[in-house]
2 protein chains.
Amino acid sequence: MSPTPRALERLIREFTKLPGIGPKTAERLVYYLLKQPKEELISMAEGLRQVKDEVVNCSQCFRFSDQNPCPICSNNKRDKSILCVVAESQNIPVIEKTGAFAGVYHVLGGLISPLEGITPDKLKIAELEKRLKNNGVKEVILALNPDLDGETTSLYLAKLIKSLNIKVTRLARGLPMGADLEYADEITLESAIIGRREVL
Amino acid sequence: MSPTPRALERLIREFTKLPGIGPKTAERLVYYLLKQPKEELISMAEGLRQVKDEVVNCSQCFRFSDQNPCPICSNNKRDKSILCVVAESQNIPVIEKTGAFAGVYHVLGGLISPLEGITPDKLKIAELEKRLKNNGVKEVILALNPDLDGETTSLYLAKLIKSLNIKVTRLARGLPMGADLEYADEITLESAIIGRREVL
């Protein structure tokens with residue numbers, strides 16, 4: 001006698017497939033959903049069905065968008081000579097919000113991670129190379145996370161891009177706003193000292 | 001120019017409705033889903049659609065089940081004279097796993113919580129009273145969480161059940177298996193001392 005209904009177990013299994021959702025959390029979510037009106041569940045189901053149909057990859061920058069080319073790639077006011085390389089689509093809104101970047105983007109779709117079997121050919125690196133060869137790109141900004149995989153990918157890309165005689169930069173390292181010197185790690189502090197700026 | 005596609009934003013909103021899922025987690029889940037094959041998303045959507053149709057409330061104990069009455073209520077080997085009151089359906093499999101209980105259950109659908117506006121009339125308490133009046137129940141075990149809402153509900157129910165001349169018990173308090181005396185809180189330790197058992 002199985003104490004949990006089959007349809008419930010099935011939905012729990014579906015939720016367990018999501019990253020960071022274990023069996024206990026999945027169970028909690030599904031029991032919560034069961035208590036909601038049916039329309040809520042149908043609305044969520046609809047959302048899941050639609051998302052893959054309505055969201056496409058921009059054929060230029062490979063971000064998720066509802067247009068192809070995406071609003072940034074098709075915007076004539078954006079400077080096509082500066083290319084910002086990011087790991088994932090969701091990094092773009094964060095950079096856009098700063099208002100400090102007026103160029104275009106290139107989404108890799110991940111980071112090089114030999115341990116997880118993500119080799120350069122699994123990312124949009126060949127596409128980046130092609131893009132750099134055909135267009136008048138003058139600078140590539142590597143906006144990748146300052147961690148192991150991000151550093152590996154940055155080094156790999158820097159070598160590739162330099163060989164095409166294009167300037168490569170990366171985001172500055174240093175103390176984040178509101179940080180406490182007392183608790184800063186050595187590498188961040190070292191970067192902050194090396195990258196120090198004159199106070200004018 | 002909104003940087004996030006609409007279908008994507010919609011699905012993020014749907015996930016944000018779930019308990020414990022904030023906008024950042026919802027975003028992470030949805031971007032993960034976008035990278036999965038379409039069949040995965042349809043399978044999840046199907047699960048959401050089905051669950052409310054296939055899962056019903058048992059008309060006797062009010063648990064979620066795929067049968068009505070549920071397999072426990074319709075099992076003649078279960079002792080109908082002992083009733084275990086739990087807050088939620090998902091508490092039942094946990095108690096069943098112990099194998100220490102052979103009676104039947106009653107699911108309240110929550111706990112009394114004046115702060116959250118959950119008053120006794122929002123729970124299956126009138127139904128419990130009706131069940132106790134009609135059947136030959138000899139003992140009610142209150143298996144509610146040992147926290148503020150659980151205690152409030154236990155006190156409320158104990159008064160009600162005693163007025164019907166039925167024995168009321170609650171789960172024992174004490175040190176959990178593998179606990180360290182050093183780190184036990186005072187209330188647990190007090191309960192463990194008061195409820196001490198003779199070593200035979």
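Every number here is computed from the coordinates shown, using simple stated rules; none is lab data. Every value quoted in this text rests on a predicted model; they were computed, and no experiment measured them. Cβ: placed from backbone, ideal geometry, glycine included. Neighbour counts: every protein chain shown.
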How long is the protein assembly as shown along each principal axis, judged by its Cα atoms, biggest number first, in Å? 89, 49, 38
Shielding by partners for A:12-21, please: the mean number of other protein chain Cβ atoms within 10 Å of each residue's Cβ. 5
Calculated log₁₀ intensity ratio I(q)/I(0) where the Debye formula runs over C-alpha points of the stretch B:19-178, q = 0.11, 0.14, 0.15 Å⁻¹: -0.57, -0.83, -0.90
Hey, with R₀ at 45 Å, roughly what FRET efficiency would A:Ala184 and B:Tyr156 work out to, going by the Cβ-Cβ distance, to 0.05? 0.25
Within a 10 angstrom radius of the beta carbon, how do A:Ile161, B:Ile193 rank from fewest other beta carbons to most? B:Ile193, A:Ile161
Fewest-first ordering of B:Thr16, B:Thr4 by Cβ atoms within 10 Å yields B:Thr16, B:Thr4
Along the Cα→Cβ direction, 7 angstrom out, place labels at A:Glu116 and A:Asn68. What is the inter-label distance in nm? 2.5 nm
If each residue's Cβ is checked for other Cβ atoms within 10 Å, how do A:Cys84, B:Cys61 rank with the fewest at the top? A:Cys84, B:Cys61
What does the charge count near A:Val51 come to, summing +1 for each Lys or Arg and -1 for each Asp or Glu among other residues with Cβ under 14 Å from its Cβ? -2
Once label points are set 7 Å from the Cα along Cα→Cβ at both B:Lys97 and A:Arg6, what is their separation, rounded to one decimal in nm? 2.3 nm
Most fluctuating residue given options A:Ile187, A:Ile92, A:Ile112, as computed from a GNM of chain A linking Cα atoms under 10 Å: A:Ile187
Between B:Arg197 and A:Lys24, what is the label-point separation in nm under the 7 Å Cα-to-beta-carbon projection? 2.5 nm
Using 25 Å as the Cα-Cα cut-off, could you pick out the over-long pairs in A:Lys24/B:Lys77; A:Lys17/A:Lys52; A:Lys17/A:Lys38; A:Lys52/A:Lys122; A:Lys38/B:Lys130; A:Lys52/B:Lys17? A:Lys24/B:Lys77; A:Lys38/B:Lys130
If we restrict to alpha carbons, what Rg and Dmax does the stretch B:44-89 come to, in Å? 12.9, 42
